[in-house]
1. I'd like to check one number: the per residue accessible area of the stretch 149-268, probe 1.4 Å, reported in Å² as a whole number.
2. Between Rg and the Kirkwood Rh of the stretch 149-268, both from Cα atoms, what is the Rg to Rh ratio?
3. So what is the relative contact order of the chain, in percent, for Cα pairs below 8 Å that sit 6 or more residues apart?
4. Along the charge dipole of the stretch 149-268, pointing to its positive end and built from +1/-1 on Cβ of Lys, Arg, Asp and Glu, which listed residue (TRP205, LEU183, PHE251) has its Cα farthest out?
5. Are there any GluC sites (Glu not before Pro) in the stretch 175-248 that are in a DSSP loop and have at most 12 other Cβ atoms within 10 Å? List them by number.
6. Can you bin every Cα-Cα distance in the chain into 5 Å intervals starting at zero and give me the percent of pairs per bin, rounded to whole numbers?
7. For a quick size check, give me the Cα extents of the stretch 3-140 along its three principal axes, largest first, whole Å.
8. I want to verify a result. In a Gaussian network model of the chain, Cα cutoff 10 Å, which of these has the top mean-square fluctuation: GLY157, GLY35, GLY241?
Amino acid sequence: MHPMLSIAVKAARRAGNIINRGARELDLLTVTTKGPKDFVSEVDRQAEGAIVETLLDAYPDHAILAEEGTAKGANADAENVWIIDPLDGTTNFLHGFPQYCVSIALAHRGQVTQGVIYDPVRNDLFTTSRGRGAFLNERRIRVSRRQHLRDCLIGTGFPFRDGAYLETYLRMMKTMIEQTAGLRRPGAAALDLAYVAAGFYDGFWEVGLNPWDVAAGSLLVQESGGLIGDMGGEGNFLHGGQVIAANPRIFAQMVTALAPFRDELTRQRPPRPAHPSAG
Ligand code: IPD
Ligand code: CA
Ligand code: CA
């Protein structure tokens, strides 16, 4: 395993232990609100603290882009940036709904080169290094082989916070319900991407994501033979907020199926600038 990946795994497991401990005493947690339907608990913050400490101990010169803002601004012009969601699926976690994960990626000069997604409920560890494949618990994973959208199980996430895109999204959902074998909305975008990489889903799409939801999962998808892009199928998926990911055949079919909504989405909220300070 690449040395940077093993440090990231160590960090993810430490965060996972904190999350599992928190899950046993949910009633005692202090929860605050960051915005509409946007909660953060002490578990998110402690998990992020443990991850950042582990990474910076090993790599003091690296920069950090983490959801809860730990070490914000440190080494801002570094070539290596760790992109971290310490707890993806916080709403699930707070309700005891067992679908959430830790997501850690390393971007080198803007390109993701290492990725870890850890599901502490199932003890599932998804790992990848650029050029070296994608793994679930050390076994090689690959995207599914389905060829027709009508046979596919597709994951998604819908905009539940500020209502942006909601009307458009509902029509996208209708299209996908009609054209696929089934839709799922489990509630942790990073894990959704890992599921595309493992072939549990044939594809996934969501609008309104942040780089820490997407970074590690994007490399898992690519290294398992899949494609990831924005709504146009192009490359601005890390900072642009819109993501389609699937096996190559299904990716093309999803881009086509969702094309009628593209302009509408862009008009409602222009893509974020492609810069790490975004999100
Ligand atoms: C959220 C989850 C959810 C997705 C939201 C994300 P959080 O992350 O990934 O599935 O629909 O867009 O913000 O806030 O639980 O880390
Ligand atoms: Ca997230
Ligand atoms: Ca989070």
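1. Details: 4190 Å² over 120 residues.
Result: 35 Å² of accessible area for each residue.
2. 0.91
3. Over the chain, the number comes to 15 percent.
4. LEU183
5. Those that pass, being in a loop and sparsely packed, are GLU234.
6. All Cα pairs considered, the percentages come to 1, 6, 14, 18, 19, 18, 13, 8, 3, 0, 0.
7. Dimensions of the stretch 3-140 along the principal axes of its Cα atoms: 41, 36, 25 Å.
8. GLY35
The values are calculated or read from the model by the stated rules, or taken from the named source; none is laboratory data. This one's a predicted model, so the numbers in the text were calculated from it and none came from an experiment. Cβ: placed from backbone, ideal geometry, glycine included. Neighbour counts: every protein chain shown. What goes into the accessible areas is simple: the full protein's heavy atoms, side chains included, and nothing from ligands, DNA or RNA. Shrake-Rupley method; radii C 1.70, N 1.55, O 1.52, S 1.80 Å.
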